[in-house]
Amino acid sequence: MNISRRQMLILLPAAAVAWESVLAGTPEQASNYKMSDHWWGMLIDIPKCIGCGNCVRACQTENDVPDGLFRTWVERYHVSDEDMTRPEVISPDGGKNGFPVAAEDDKKYFFVPKMCNHCADSPCTQVCPVGATFVSPDGVVLVDQKYCLGCAYCVQACPYGCRYIHPQKEVADKCTLCYHRITQGLTTACCEACPTGARQLVDLKDPKDPIHEFLKTHSVQVLKPQMATGSKAFYNGLDGSVR
Amino acid sequence: MSIFKDAGHLFRFAGLFVLAFLVFLVVRHYVVPKSFGQYGHYRGAAMGEIAQHPAKFSGHDTCESCHSDVAEKKSHGKHAHVNCEACHGALFQRLPIPEQPKPGIYQRFVNLIVHPPPPDPPLLHHADDPTGVKPELPDTSVLCVRCHTASAAKPKNFPQVVPAEHSNGLPCETCHQPHNPGMDAGGAK
């Protein structure tokens with residue numbers, strides 16, 4: 001076979017590209033977990049939260065979260081009738097050890113657990129300059145800590161304040177929705193430890209998941225809906241004063 | 001072919017571009033991780049690595065497989081829906097980091113530049129060493145109070161007490177057995 005120099009010059013790059021894709025291999029899949037079968041989220045039932053901080057402690061134990069930083073935390077709101085837009089919010093040590101006793105007064109009190117909203121259109125993943133953070137095919141916002149530069153753009157971009165720079169690893173860190181657990185069929189550590197069922201892991205692609213019935217029959221809201229982040233942390237009984 | 005006459009220098013220039021492109025492909029092949037772009041603009045293998053993180057909470061089924069008596073008691077009470085590890089902590093516990101050999105002079109020089117993260121302490125499961133790794137035996141004066149102290153911020157239908165008035169300083173387990181806290185179930189005597 002005779003190949004001219006011109007043909008050779010055209011063929012070589014094409015061959016290189018083809019070889020590249022061969023080397024990339026086929027997608028790795030866990031034996032019994034199929035990413036395309038899941039679309040994970042979280043249901044947070046505010047009227048059930050008692051502010052015990054079990055979720056915060058469980059998350060720190062499960063994920064080795066450094067002291068003083070939080071992948072999930074609990075806030076206590078104190079809202080007056082006159083000025084709903086300026087609630088008093090406290091979260092001592094992320095609510096890890098509970099909250100001071102609140103005396104009955106003429107204002108409204110309630111707890112709001114917060115965590116990564118695992119947004120489908122997350123602003124944090126869009127700003128990453130190196131592709132180190134992403135929405136996985138099963139709907140979890142993750143950080144590739146081997147690839148992260150620690151530039152903290154994502155920390156600034158998250159509208160919910162759910163990211164931080166890990167002080168020892170010097171890379172972005174955040175809630176993984178206990179990806180290591182949910183891919184094994186377990187629930188998240190925070191759901192496991194919640195004594196009242198105020199948090200429930202939900203799989204929107206599972207037709208048998210009770211979330212579908214719940215969303216149909218309750219007034220459910222997401223945080224900052226005006227930002228169109230496609231948040232998948234669904235809050236039942238969310239007060240308008242929550243930011 | 002008159003238009004290609006004297007165009008040899010253009011072909012040589014184009015050849016240089018092609019060569020540079022090939023060099024780019026070779027460098028890219030070695031620099032870009034294999035799974036980058038598998039699912040999107042990120043490293044597909046990262047998900048597998050994140051999923052390798054050890055789970056420390058094992059779930060109530062694991063506890064109940066040995067402690068069926070407690071599970072039975074708990075199932076009749078108001079704490080039936082509270083998972084074991086919510087009060088007793090995770091079944092996996094961290095052990096102290098074993099003594100590391102002192103790094104050599106070369107490794108110390110490398111560490112100055114790359115700042116390796118500290119090693120993770122090893123993990124051991126309660127089932128692997130039932131006497132050595134024991135889940136927390138919680139202090140009821142902290143545990144019960146954390147959930148059941150009366151506060152205006154808690155849901156009105158959640159059972160709450162003012163501890164000082166309620167028990168007059170007596171420990172909760174004098175009257176309430178934590179696994180089945182109803183008065184009819186008796187205290188932990």
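Taken together, the values in this text are just the output of simple stated rules run on the coordinates, not laboratory data. Treat the numbers as computed from the prediction; the structure is a model and nothing was measured. Counting neighbours? That spans all protein chains shown, and the Cβs are built from the backbone with ideal geometry, glycine included.
By how many degrees, between 0 and 90 and to the nearest 10, does the Cα long axis of helix A:5-24 differ from the longest principal axis of chain A?
40 degrees
Report the rotationally averaged projected area of the protein assembly as shown based on its alpha-carbon convex hull, in square nanometres.
For the protein assembly as shown, the mean projected area of the Cα convex hull comes to 33.1 nm².
Give the residue from A:T196, A:Q184, B:L124 lying farthest towards the positive end of the charge dipole for the protein assembly as shown; charges sit on Cβ (+1 for Lys and Arg, -1 for Asp and Glu) and the dipole is referred to the Cα centre.
A:Q184
Nearest 10 degrees, 0 to 90: what angle lies between the long axis of helix A:54-63 and the longest principal axis of chain A (Cα atoms)?
That works out to roughly 20 degrees.
Quick one: what do you get for segment A:137-243 if you divide its Cα Rg by 2.2 N^0.38 Å?
Working it through for segment A:137-243, the quotient is 1.20.
What does the convex hull of the Cα atoms come to per residue for chain B, in Å³?
Considering the Cα atoms of chain B, their hull volume per residue is 316 Å³.
Give the Debye-formula value of log10 I(q)/I(0) at each listed q (0.17 Å⁻¹), with one equal scatterer per alpha carbon of segment B:98-189, two decimals each.
-0.87
Can you tell me the orientation of helix B:8-31 relative to chain B, as the angle in degrees between its alpha-carbon axis and the longest Cα principal axis, to the nearest 10?
20 degrees
Around A:V222, which amide H atoms from residues at least 5 apart in sequence, or from another chain, sit under 5 Å from its own amide H, with H modelled in the peptide plane?
Amide H to amide H, under 5 Å and 5 or more residues apart or across chains, A:V222 pairs with A:Y235.
Round to the nearest 0.05 the FRET efficiency obtained for A:K146 and B:Y106 when R0 = 30 Å and r is the Cβ-Cβ distance.
So the FRET efficiency works out to roughly 0.80.
How large is the charge dipole for the protein assembly as shown, taken about the Cα centre, if only the Cβ atoms of Lys, Arg (+1) and Asp, Glu (-1) carry charge, to the nearest 20 debye?
Here the size comes out at about 1600 debye.
Run the dipole for segment B:108-147 about the Cα centre, Lys and Arg Cβ at +1, Asp and Glu Cβ at -1, nothing else charged, and hand back the magnitude in debye, nearest 20.
Charge dipole of segment B:108-147: 200 debye, to the nearest 20.
Using the scaling law 2.2 N^0.38 Å as the reference, what is the normalised Cα Rg of chain A?
With N residues counted in chain A, Rg over 2.2 N^0.38 Å equals 1.25.
For A:K169, list the lysines whose Cα falls under 27 Å from its own Cα; do not include residues on the same chain fewer than 8 positions away.
A:K96, A:K114, A:K146, B:K34, B:K56, B:K102
Let's see if you can work this out: charge +1 on each Lys and Arg Cβ, -1 on each Asp and Glu Cβ, no other charges. What is the dipole magnitude of segment A:184-243 about its Cα centre, in debye to the nearest 20?
200 debye
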